[in-house]
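Peer 1: One structure, pasted below without further comment.
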Amino acid sequence: MKTVNYSAFIAAVVLVAFYLPFGSVPPADGLDPSWQQAIAHGLAQGMQFGRDIVFTYGPLGSLYVNSGGAQLQELSMLLWGALILTMVFVITGPLLPTDPPRSWIRLWALLPLLVTPSRDGFALCLFFCVACRAERIVLRSELTVFVSLVMGSLALCKFTLGVAGLCALVPLSMASYWQHSGWRRYAPGPAYFMGFLGAWLAAGQDLGSLAPFVLNDAQVAAGYSAAMGKSGPDNELIIGALLFCILVCHLVLKLRPHLTGITSRAGILALTTTMALVFMAWLAFKQGFVRHDGEHVSTYLAFTGSALLISLLDPEKQIPRKTVFTSTLLWATLCFLGSSLPHHGQGSVLGRTWLHISQQWNGLQELRGKASSGDLRKTRLVLMSASALPAVDATVDIASIDLSWLFASSLKWSPRPVIQSYSAYTPSLARLNGDHMTSDLSAPRHFFVSIAPIDGHIALQEDPLLWPELVTRYELVTTDPIPLLSRLKTQRSITTRQITPAQHDGYWHLPADARYDFARLNIAPAVGVAKALLAIALRPKAILLETRLSNGETRKAPFMASLGGTYFILSPYVESNADFAMLNRSPGSLPEKRVVAFRLIDGAGNPIGVKTAPTVELTNVDMGRPV
């Protein structure tokens, strides 16, 4: 008589309560709500990801973050229902009759996902568990195909999930190949790519956009560390590194019994699985501490806790309960020590757990019809009154991040490919936006400007090729409430000349008698081997651009090294909407904001060398004469 697997039922109920999106996320103002609404709008309007929209998230990203509103709510619940079902299958093994009857003990592996709930932590743990249990999953062909289909569709949610999914696919494919014959031995790979391609077509994407989507998303991922790196509390980083070392050491120790027969099938599979698991652990560490804030640390803590317990609770062995409980207590203690301190005004990481539970409860109330039916409309009206953008009758875009204002005002959004300026942080991504703005066919008729660089960046280094186009191809219409530009019929005539600034006193100096309307700088910091390896392991050290202005003031701002070698407007030093409005209306104005000298420094103020001598392009704009 077969024992009923109650653990599967318990796991399903708990994960549904914590992760199934019961209510849609209401529209809001700010960086994250803006891109969340943007990718949902792009999916609804049939925009092509990889061409029309280039971002970390793919065409299913709005379902993953549940930002599609009532239109996409059911699809979002369907996606998360499939993820939860997959997690239940691979954790508790209800379809695997050879599992030990005490499978309830493996429910402990879900505890970290409940203490520090995180979407990315959940997805990464799912991939980790698939790789750990690959040999058992392939015992059931239908489960193998289902898991592979789900992993393939997840790759269209977020780029890092696609990378982690491919890591999990390798041991799953190897186990299937060696345990089966006929078509079943090849099932995981084709099923994964069928899930990927099927979800791509179901999202209304063209096959021609698939290659640009992969290549451009790879560019976004490649430049992320250098451009978006952000430090946080040292105690969290130390404990995060300790958790990483504990997890990796445990994985390596599990490999020891296979070393004697490392060339056998079992040995090769064990080695490959260990390598995949270590890579996923490193990927989670990078995600947690490259941009060190509450949300990303929650992801890392959820992953490390669950991954360690998943690895400990090997279905082939009866791990003593004492070991499991002790490991859980150790993880919980480290989490408390590392995440109870405030996070840059975002509250504590553990405080985010209560916020998540509250959001789930509110969503359930909304689903049951007890929430006010006018709540979402009220939120939208508040957002509209906050933005109060003037109505325009043609295509429009906005820089740098406040896309939610356009959607709240029901304006016709015509996006540049990299939809938020801070994300155009590699030369190729910057060129995508620059080429888009150069063409009369693709560029929007109107453009709003809201200077809002993230992390204190140099405002015009974000999306560096956008701003010269706005100065030379658009004219100012109004500044109320923010600058609104309208595209000119012909580009303003410009003349340029390049100079190499003189270096003395540790600074590079622009000529005092130079006559120009705006000056663009091309400078690339020299990066040594040690710094390059550090950047790969975690994130590069902060680089600042120190500038001296003509009024005697000094500015220090983070310099995005990933854009080294790309020209950006340095002088005049634009810091506000009013500054940019003046630059567009009267190039050559803002004499007090002219840069007279600059240099690269580290966080301690020490000078940083450059690859080659920087060059400055001096540009004069003829306001009365078109090209």
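The values are calculated or read from the model by the stated rules, or taken from the named source; none is laboratory data. On a predicted model such as this, the values are computed, not experimentally measured, just so you know. Every residue, glycine among them, receives a Cβ derived from its backbone with ideal geometry; neighbour counts consider all protein chains shown. Remember, those area values only see protein heavy atoms, side chains included, never the ligands or the DNA or RNA. Shrake-Rupley method; radii C 1.70, N 1.55, O 1.52, S 1.80 Å.
Residues are listed down the side, and each one gets a yes or a no for (1) open to solvent by less than 20 Å² (accessible area, probe 1.4 Å); (2) modelled with pLDDT of 95 or more; (3) among the hydrophobic types (A, V, I, L, M, F, W, C):
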site	(1), (2), (3)
ILE523	yes, no, yes
LEU533	no, no, yes
SER550	no, no, no
ALA561	no, no, yes
LYS593	no, no, no
ASP602	no, no, no
PRO607	no, no, no
ASP622	no, no, no
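Peer 1: Right, something else. Can you find a residue in the stretch 609-616 that is in contact with a helix residue (DSSP H, G or I) (Cβ under 6 Å, 6 or more places away or on another chain) and hydrophobic (A, V, I, L, M, F, W, C)?
Peer 2: Looking for residues that are in contact with a helix residue (DSSP H, G or I) (Cβ under 6 Å, 6 or more places away or on another chain) and hydrophobic (A, V, I, L, M, F, W, C), one finds none in the stretch 609-616, hence no.
Peer 1: Taking the stretch 567-591, which residues are outside any strand (DSSP E or B) and in contact with a strand residue (DSSP E or B) (Cβ under 7 Å, 6 or more places away or on another chain)?
Peer 2: Correct list: TYR567, PRO572, TYR573, ASN577, PHE580, ALA581, LEU583, ASN584, ARG585, PRO587.
Peer 1: Continuing with this model, one more query. Could you grab me the full set of residues in the stretch 45-75 that are assigned to a helix (DSSP H, G or I) and over 19 Å from the mean Cα position of the chain (by Cα)?
Peer 2: GLY69, ALA70, GLN71, LEU72, GLN73, GLU74, LEU75
Peer 1: Can you find even one residue in the stretch 243-260 that is open to solvent by 30 Å² or more (accessible area, probe 1.4 Å) and part of a loop (DSSP other than H, G, I, E, B)?
Peer 2: no
Peer 1: Report yes if PRO171 is buried (at least 16 other Cβ atoms within 10 Å of the Cβ) and under 22 Å from PHE55 (Cβ atoms), otherwise no.
Peer 2: In short, no.
Peer 1: Could I ask something else about it? Check ALA270, ALA199, ALA266, ALA211 and return the single one that is assigned to a helix (DSSP H, G or I), closer than 30 Å to ASP52 by Cα and in contact with a helix residue (DSSP H, G or I) (Cβ under 9 Å, 6 or more places away or on another chain).
Peer 2: The unique qualifying residue is ALA199.
Peer 1: Restricting attention to the stretch 102-133, report how many residues are within 23 Å of PHE159 (Cβ to Cβ), open to solvent by less than 10 Å² (accessible area, probe 1.4 Å) and part of a helix (DSSP H, G or I).
Peer 2: Final tally of qualifying residues: 12.
Peer 1: Would you mind telling me which numbered condition in (1) touching a residue at least 40 places away in the same chain (Cβ under 8 Å); (2) under 30 Å from ASP393 (Cβ atoms); (3) among the aliphatic types (A, V, I, L, M); (4) not in a loop (DSSP other than H, G, I, E, B) VAL477 fails?
Peer 2: (1) is the only condition that VAL477 fails.
Peer 1: Right, another one. If you take the residues of the stretch 1-44 that are assigned to a loop (DSSP other than H, G, I, E, B) and farther than 18 Å from GLU74 by Cα, which of them is modelled with the lowest pLDDT?
Peer 2: So the residue we want is MET1.
Peer 1: Here's a follow-up. Could you identify the single residue in TYR507, TYR516 that is crowded, with 23+ Cβ neighbours inside 10 Å and either at pLDDT 95 or above or of a type in the set (Ser, Thr, Tyr) (or both)?
Peer 2: TYR516
Peer 1: Report, by residue number, each residue of the stretch 571-591 that is surrounded by fewer than 19 Cβ atoms within 10 Å (Cβ to Cβ), under 19 Å from ARG548 (Cβ atoms) and over 31 Å from the mean Cα position of the chain (by Cα).
Peer 2: Residue satisfying the conditions is PRO591 alone.
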